[in-house]
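Since the structure comes first, as structure tokens, the remarks are kept for the end.
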Amino acid sequence: MSHQNHSKILIVTGEPSGDFLGAKLAEALHKKNPTFELYAMGSQQLKNTNTKILVDADAMAVVGATEILK
């Protein structure tokens, strides 16, 4: 019986430039090996790749110190 080794990769981003770079990384990884299983904490650009979003970074965004204290 043949067993394929499926690599699982987690990409974590927290703001727009990280999401952009994470999406570029995801695209390159998929191109290199389409069997990679990619997961992420990210936003729209990562959603547009074949990456499963585990945590939507947009839902976690805060602005200012008072938002953190709420």
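The values are calculated or read from the model by the stated rules, or taken from the named source; none is laboratory data. This structure is a prediction, so every number in the text was calculated from the model and none was measured. Here the Cβ is made from the backbone with ideal geometry for all residues, glycine too, and neighbour counts use every protein chain on show. The area values use the complete protein model at the heavy-atom level, side chains included, leaving out ligands, DNA and RNA. Shrake-Rupley method; radii C 1.70, N 1.55, O 1.52, S 1.80 Å.
Under 5 Å between amide hydrogens, built in the peptide plane, is the criterion, and for Val12 it picks out Met41 among residues at least 5 positions away or on other chains. Other residues within the sphere of radius under 15 Å centred on the Cβ of Ser17, judged by their own Cβ, net out at -2 (K and R +1, D and E -1).
Each residue of region 12-26 was assigned a 3J(HN,Hα) from its phi angle through the Karplus curve 6.51 cos²θ - 1.76 cosθ + 1.60 (θ = phi - 60°); the sequence is 10, 10, x, 8, x, 5, x, 5, 4, 5, x, 5, 5, 5, 4 Hz, with glycine and proline shown as x. If you add up the charges near Glu37, with Lys and Arg at +1 and Asp and Glu at -1, over every other residue whose beta carbon is less than 9 angstrom from its beta carbon, what do you get? My count for the surroundings of Glu37 gives +2.
The accessible area of Glu37, taken with all protein chains in place and a 1.4 Å probe, comes to roughly 60 Å². Take His6: with every protein chain present and a 1.4 Å probe, its accessible area is about 80 Å². A cut-off under 15 angstrom between Cβ atoms defines the neighbours of Val55, and their net charge, with Lys, Arg +1 and Asp, Glu -1, is -2.
Computing FRET efficiency as 1/(1 + (r/R0)^6) for Ser7 and Ala59, where r is the C-beta to C-beta distance and R0 is 25 Å, gives about 0.35.
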